[in-house]
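The values are calculated or read from the model by the stated rules, or taken from the named source; none is laboratory data. Since the model is a prediction, treat every value here as computed from it, not as a measurement. Cβ coordinates were reconstructed from backbone atoms using ideal geometry, including for glycine residues, and neighbour counts include every protein chain displayed.
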Amino acid sequence: MALNDFIELSNLGTSDVLSNGAGTNVGTNANTGDLRRRYNFGDRVSELAIAQDPFFRFLSKCAKKPTDDPTFKFTEKRHSFHKRYAYLESHGSGFATATSTNADLQDAADDTFYGKFGTDYKNTGNLINRFGKSVDYEVGAADTKPLFFLEGQLIKVPVASANNVAGASSVIDYQIIKVTSAVDSGNYVHVTGKVVRAVDAGRFYMGVPVSLVAGGDTGTTLSEEALAPFKCYVVGTAHNEGTGYPETWVDQPYSTQYGQTQIWKTGMAMTNTARATVLKYEGNEWARTWKEKLIEHKFDLETSLLFGSQNDTYNTTQGAVDYISNYGNSFLLDTATKTSDDFLDDMSAYMDPRYNSQSANVFFCSTAVYNWLHKMGGYFKNNMEISPNYKSDIAMTGKKTAFGIDITTFSTPYGDMNVTRNIHLDGTNIKMLGIDMKHCSYRPLVGNGVNRDTSVYVGVQTLENSGVDRRVDLILTEAGMEWSMPESHAIWL
């Protein structure tokens, strides 16, 4: 049989279906027009005990979800609980003349309010900007229109004591506006309302933060704490008796991505003469080499799942560092200059419940950072204990073992940190990875009675012109990584 007679995935496709009338294919590279393939949304969990490498150990123990397609799709869901906010882009006596520098606020109750509102997240999928990364969604950008404004809502509009066109002033008070109409205008919404709670004369609206101004120098994304003073939030509704059923709105919380499986092979070859020979120290050379090759294979899996980058051409899967560097939160950590106060600021931004309320975080650290955390956590207890009631902000509260991995627990004002040392981060620019293990999965390829999760191929190859049989064993693994919820992952550089 010729090599090209074998059935391959490329033989199973159909003509791609164009998704619109313009002759353009809409979607990801993994086209759903491949009708003979089924994109898997697996939920089964299996176990593989690997003791040497902590990240792969956790994944194989608690986050294994087999797939039956080497290119698999998955769905992310982001709720809108904390996304009913907008920024007041401009205001005034009418929308056409609205300006964000107008100090003539409506001071008296029942005065008419005119405001042009926009927001900084994509309403399809509720995709948001990530802390420390370049701003992806400016106020007024495509698909950022705030959809939630409804007649009868009450909105809280923060005000400052001075002109805030440069975003330098701080909140001093707030108005309450009852919405009487909300009309779409491109990627903005024009809101007309009545003043319910007035403010003193000479106040200024907070406006839009400089980093989020459309077409401006966006810089990097601020923390939720820094952005909150500029946000106008919904604070309930108010309706008259007998007014009937209110208006409603529906968000679109889903977005899809696709993953790629990768094939890892670790080869081993030995003549039958060598296999049959009893040696000194370790008699069975085959068994000794096989054990070493298993460890080598696991080592390759760990490093690939940390540092790999998804590529369809070379069939590589997505690694933790690459994914979080592109889509997660980014912090700086220099153990020579970073203080415990600075680190608490990082934790405050990362664990802000308006942004990330997940609790299944594991922090994988380089050796230097692992030692640094222990020094901070143990310094007060060992050297500066004032009284039995005194407790430092970062304290080492104990050690435990999870799936065979040593975990150190540090207590902070933002919850416990579960920290483990990962030597694969040593010598890289990655100091620490904060990963929510609920939102990443190891996906081995399993289907039609074939399991590609660390399987073994055994064959016999005859060396050309020698007549000597050589046994060949290959550890075959085909698996990929699935990632979701980028706000629940962080990287310290």
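Computed values, structure above
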read-out	value
Test: residue in region 140-160 that is more than 29 Å from Pro246 (Cβ to Cβ) and of a type in the set (Asp, Glu)	no
The listed residue being modelled with pLDDT of 90 or more and not hydrophobic (A, V, I, L, M, F, W, C), out of Asn465, Asn451, Asn418	Asn418
Complete set of residues in region 51-87 that are farther than 27 Å from Asp312 by Cβ, surrounded by fewer than 21 Cβ atoms within 10 Å (Cβ to Cβ) and more than 20 Å from the chain's Cα centre (by Cα)	Ala51, Gln52, Lys61, Arg84
Meets criteria (out of contact with any Asp or Glu (no Cβ under 9 Å at 6 or more places or on another chain), modelled with pLDDT of 90 or more and of a type outside the set (A, V, I, L, M, F, W, C)) for Glu482	yes
Scan of region 424-450 for residues that are over 23 Å from the mean Cα position of the chain (by Cα) and among the β-branched types (Val, Ile, Thr), ordered by number	Val446, Val450
Conditions (1) within 23 Å of Ala490 (Cβ to Cβ); (2) assigned to a loop (DSSP other than H, G, I, E, B): number failed by Gly202	(1)
Region 314-344 - residue that is assigned to a helix (DSSP H, G or I), touching a residue at least 60 places away in the same chain (Cβ under 8 Å) and out of contact with any helix residue (DSSP H, G or I) (no Cβ under 9 Å at 6 or more places or on another chain) and, of those, nearest to Ile128 (Cα to Cα)	Ser325
Breaking point among (1) within 26 Å of Asp346 (Cα to Cα); (2) assigned to a strand (DSSP E or B); (3) of a type in the set (Ser, Thr, Tyr), for Tyr137	(2)
Test: residue in region 95-114 that is outside the structural domain of Trp483 (by TED's automatic domain parsing), surrounded by fewer than 21 Cβ atoms within 10 Å (Cβ to Cβ) and modelled with pLDDT of 90 or more	no
Residue in region 289-299 that is more than 29 Å from Tyr442 (Cα to Cα) and hydroxyl-bearing (Ser, Thr, Tyr) present	no
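For every residue, the table says whether it meets (1) in a helix (DSSP H, G or I); (2) touching a residue at least 12 places away in the same chain (Cβ under 8 Å); (3) assigned by TED's automatic domain parsing to the domain that holds Ser169; (4) surrounded by fewer than 13 Cβ atoms within 10 Å (Cβ to Cβ).
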position: Gly242; (1), (2), (3), (4): no, no, no, yes
position: Ile263; (1), (2), (3), (4): no, yes, no, no
position: Thr266; (1), (2), (3), (4): no, yes, no, no
position: Trp290; (1), (2), (3), (4): yes, yes, no, no
position: Glu302; (1), (2), (3), (4): yes, yes, no, no
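Matching residues to (1) surrounded by fewer than 18 Cβ atoms within 10 Å (Cβ to Cβ); (2) in a helix (DSSP H, G or I); (3) out of contact with any Asp or Glu (no Cβ under 8 Å at 6 or more places or on another chain):
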| position | (1), (2), (3) |
| --- | --- |
| Lys178 | no, no, yes |
| Ser181 | yes, no, no |
| Asp184 | yes, no, yes |
| Gly193 | no, no, yes |
| Gly207 | no, no, no |
| Gly215 | yes, no, no |
| Glu225 | yes, yes, no |
